[in-house]
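Novice: Sending over a structure as structure tokens; questions will come in a sec.
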Amino acid sequence: MSSTAELLDHLRARFPDATLELVENPGPAAQHGLRLDHTSARLIATYLREDPAWQLDYCSNVSGVDWIDREETEKVTTTVTAEDGSTAEKVEKVTRTIPGYFEVVYHLYSMARKTSEPVILRLRTANRTDDTVVPSLTPVWRSCEFQEREVYDLYGVSFTDHPDLRRILMWDEFKDHPMRKDYVEPDDYEYEPTPHATVLERAAKHYPPASPAEEGSQS
Amino acid sequence: MSETSDRSSLPPAAPEPFPAAGNISDEEREELRRHGILLTSLEELYNWGRTNSIWPLQFGLACCAIEMIATATARFDIARFGAEIFRPSPRQADLMIVSGTVTKKMAPQVVRLFNQMPEPKYCIAMGACAISGGPFKQGYNVLKGIDRYIPVDIYIPGCPPRPEALLNGLIQLQEKIKTERLKGPATARHLKPDAPSEYPIPEYDAHDLKPPKNPAVWTQNPLPRDQ
């Protein structure tokens, strides 16, 4: 927390125009991330690589995350004045929908400083449908190239200024992006003996149990 | 001779003796061999030569390839069975060991390599993935078995199979080659002029390969009603 928060303060002082946000990780790992905006992302990334205090010269990992539309429920307390003048507190539950987005997560280390804790940068797209663009960090860290292609292939995130943005795992003719949460797999189930519940569900759909008449003839 | 006693203790390789060797039994032939008379047939000689110089295609697809490489090393030594020359070109190979997961992206290339191999050619499906897709069977990107597009002679189960299993599969293939006939109704596939030597290469489609299987080489198993 401290190092990421320190980094955030430092960057805010140095780049007053940039919109930065601390994305906390509530898990035991507590690897908090730093969300960058699109316009200043590459500028800050170059600074983090070049600045002698940070020297983040190694991007070890680029991940895509699909955040689907989710609902958050909040308790809102309001004070209600009754007709006789007495006041009472009323607690209401307010549900609001947070629109989904794609997130690209970069894990950075410094070989020069021999760091063991990663600095985590996050970029988010505007939404999940038509504006799925983030700036590419391949010009800053060359090792991002294939992994950004993978994120493009499996999640459909477009990286501006990527040198060679093509599919990398699926074939070029493939439509859709298979790691998206709303991806529908082709319905080509075939029987297999399995203990997996999800596969058994598909099995029941494709191989309905024999009708009673058939079973009677078998036994 | 120790060789004679060894041979008699083993089960017979072919279920029936070769007719071209005459109507004498294997024991009688061995007896003649002890006296320096080698009685054989062109068919047997031909199969004997092919059996003991199988040249596999040098290509691996996944973790099964590691076991295949181990089979070629000194510890397991596939050279004992005459199959140590892994050829990097399909034009010089006559056995394709499909060692590992065949993704839908790779499947057309595998079929194309098999097409480029000269006859007679054989195919071993090594491991659960090559047989049926294995643990990835219900995924969106893995072929549910290479036998959908090319004929498979030997299936080796395992995940991955140990080198001994691959050697056993190779011996099974050798037994199969030994029983192939040059003439007659049971003529070997590669000697039939109308038998296909090349198989249609599937094309990439929006979600799957097109066609998803070649019905000429693959038929679906019957429904498992007693599950």
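Novice: Counting only protein heavy atoms and a 1.4 Å probe, tell me what percentage of chain A's accessible area is made up of carbon and sulfur.
Specialist: Values: 6570 of 12970 Å².
That share works out to 51 percent.
Novice: Determine which residues of region B:34-69 fall in the zone a paramagnetic label at B:I85 would reach in this model, i.e. backbone nitrogen under 17 Å from the point 7 Å along Cα→Cβ.
Specialist: It comes to B:46-59, nothing else.
Novice: Which entries of B:K137/B:K213; A:K205/B:K144; B:K178/B:K213; B:K183/B:K213; B:K104/B:K178; B:K178/B:K210 show an alpha-carbon separation above 26 angstrom in the structure shown?
Specialist: Working: B:K137/B:K213 15 Å; A:K205/B:K144 19 Å; B:K178/B:K213 30 Å; B:K183/B:K213 31 Å; B:K104/B:K178 34 Å; B:K178/B:K210 36 Å.
Over 26 Å apart, Cα to Cα: B:K178/B:K213; B:K183/B:K213; B:K104/B:K178; B:K178/B:K210.
Novice: Now for a separate question. Which whole-number percent is the relative contact order of chain B (Cα, under 8 Å, 6+ apart)?
Specialist: On the way: 345 pairs, mean separation 40.8, N = 227.
Relative contact order here is 18 percent.
Novice: Another one. Per residue, how much accessible area does chain A show when a 1.4 Å probe rolls over the protein heavy atoms, in square angstrom?
Specialist: 59 Å²
Novice: Now a separate question. Expected output is a single nm value to one decimal: the length gained when fully extending between A:D37 and A:T77, i.e. 0.36 nm times separation in residues minus the C-alpha distance. What is it? Please report the intermediate quantities before stating the final value.
Specialist: On the way: separation 40, 0.36 × 40 = 14.40 nm, distance 3.38 nm.
Length difference between fully extended and current span is 11.0 nm.
Novice: Something else now. Quick one: longest stretch of chain A between exposed loop GluC sites (Glu not before Pro), exposed meaning at most 15 other C-beta atoms within 10 Å and loop per DSSP? Before the final figure, lay out the partial values.
Specialist: Working: sites that count: A:E24, A:E83, A:E173.
Here the longest segment lacking exposed loop sites spans A:84-172.
Novice: A follow-up question, please. For B:K121, give me every one of the aspartates and glutamates with a C-alpha distance below 20 angstrom, ignoring sequence neighbours fewer than eight places off in its own chain.
Specialist: Of all the aspartates and glutamates, those that pass the test against B:K121 - Cα under 20 Å, at least 8 places apart if same chain - are B:E43, B:E44, B:E84, B:D94, B:D147, B:D153, B:E175, B:E180, B:D194, B:E198.
Novice: Between B:D194 and A:E201, what's the calculated FRET efficiency when r is the beta-carbon distance and R0 is 60 Å? Round to 0.05. Let's see the in-between values first.
Specialist: Values: r = 45 Å, r/R0 = 0.76.
Rounded to the nearest 0.05, the efficiency is 0.85.
Novice: A further question follows. 222 nm [θ] for chain A, helices only, -39500 (n - 2.57) per DSSP H run of 4+, per residue, to 500? Let's see the in-between values first.
Specialist: Details: 5 runs with 52 residues, N = 219.
The helix-only estimate for chain A comes to -7000 deg cm²/dmol at 222 nm.
Novice: Over both sides of the A-B contact, add up the buried accessible area with a 1.4 Å probe and give it to the nearest 100 Å². Display every interim value, and only then the final one.
Specialist: Details: alone 14000 and 13360 Å², together 25210 Å².
That pair of chains buries around 2100 Å² in total.
Novice: Place a point 7 Å from Cα of A:F15 in the direction of its Cβ. Which residues in region A:38-63 have their backbone N less than 11 Å from it?
Specialist: Once the point is set 7 Å along Cα→Cβ of A:F15, A:38-49 turn out to lie under 11 Å by backbone N, inside region A:38-63.
Novice: Treat each spin label as a single point 7 Å out from the Cα along the C-beta direction, and report the B:S53 to A:N25 distance in nm.
Specialist: Once both label points are built, they end up 6.0 nm from each other.
Novice: Calculate for chain B the 222 nm mean residue ellipticity that helices alone would give, adding -39,500 (n - 2.57) per DSSP H run of length 4 or more and normalising by residue count, nearest 500 deg cm²/dmol.
Specialist: Numbers: 7 runs with 69 residues, N = 227.
-9000 deg cm²/dmol, from helical runs alone.
Novice: Three principal axis extents, largest first, for the C-alpha atoms of the protein assembly as shown, in Å?
Specialist: 119, 69, 40
Novice: Take B:R112 and A:T87, extend 7 Å from each Cα along the Cα→Cβ direction, and tell me the distance between the two endpoints in nm.
Specialist: Distance between label points: 7.8 nm.
Novice: Residues in region A:53-86 near a label at A:L169, defined as backbone nitrogen under 20 Å from the 7 Å Cα→Cβ point?
Specialist: Backbone N within reach: A:60-68.
Novice: Turning to a different aspect of this structure: Quick one: length gained pulling B:T179 to B:A216 fully straight, 0.36 nm per residue minus the C-alpha distance? Present the calculation step by step, with values, prior to reporting the outcome.
Specialist: Values: separation 37, 0.36 × 37 = 13.32 nm, distance 2.39 nm.
Residue separation times 0.36 nm, minus the Cα-Cα distance, leaves 10.9 nm.
The values are calculated or read from the model by the stated rules, or taken from the named source; none is laboratory data. Quick caveat: nothing in here was measured; it's all calculated off a predicted structure. We place every Cβ from the backbone using ideal geometry, glycine too, and count neighbours over all the protein chains shown. Note: accessible area is taken over every heavy atom of the protein model, side chains too, but ligands, DNA and RNA are not part of it. Shrake-Rupley method; radii C 1.70, N 1.55, O 1.52, S 1.80 Å.
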